[in-house]
Amino acid sequence: MKKYEKKYKELRKKYTVEEIAEAMMIPQDLTPEEKEKANEELRAFRFKMLKEQTEDKRIYSDLLRFKYIIEDYIKENIFDEDKTFGKHLEEYIRILKRTKKRLSEDLSIHYTRLSRIINDREEPNIELMYRLEKHSANLIPALYWWKLVTRKQEHIIKQDKKTRKREASKVKNGIQFRA
């Protein structure tokens, strides 16, 4: 407890007691039973808040969580088959609690094409990224959607040595540098 007293004395020189109390949370040693009771109370409070949450607020908070997941994936700079554009689009549909048919109508895209994109059988175009940005109320930028597409393409380029070799054989009069 001495380190807290020392810290308190330092803070007391700069701030009032009220300011310190408002800004600081002093840790409290709890017994395992007290900890369990506190966790249960917190859990009950969170469930109560979730239950009282409106559908719009639920969608908004889920979309924010989804946006942060995309941001983290983009920062990782590693391709994951389970995190393709199609999988993310499917998650977007799930969050909105919409059908693929309804989303295809919202985005003015043919249902079959949307289904092919979701199942990674067709690559989306940039226009779809703009539509998704607008559809998400600009919460998920078109650039994030696009980076999900390019992540897969980067992976293909890095891994596809066979096609690279085949296409290189078709090149004539390539530039040669001599050191």
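Values in this text are rule-based calculations from the coordinates and carry no lab data. Given the structure is predicted, the values throughout are model-derived calculations rather than measurements. In this analysis, Cβ positions are derived from the backbone assuming ideal geometry, glycine residues included, and neighbour counts consider all displayed protein chains.
Data table
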read-out	value
At least 15 Å along the helix axis (C-alpha) and Kyte average at least -0.5, DSSP helices within the chain	85-96
Net +/- balance of residues flanking Ala142 in space, Cβ distance below 12 Å, scoring K and R +1, D and E -1	+1
Sorted by Cβ neighbour density within 10 Å, fewest at the top, the residues Phe85, Phe66, Phe47, Phe79	Phe47, Phe79, Phe66, Phe85
Sequence-separation-based contact order of the chain, relative, with Cα cut under 8 Å and 6+ spacing, percent	19
Projected label distance in nm at Ala21 and Gln176, using a 7 Å step from Cα toward the beta-carbon	8.5
Among [x] 7, 22, 19, 17, 16, 11, 6, 2; [y] 9, 32, 35, 20, 4, 0; [z] 10, 39, 40, 11, 0, the entry that matches P(r) over Cα pairs in 10 Å bins from 0, in percent as calculated here	[x]
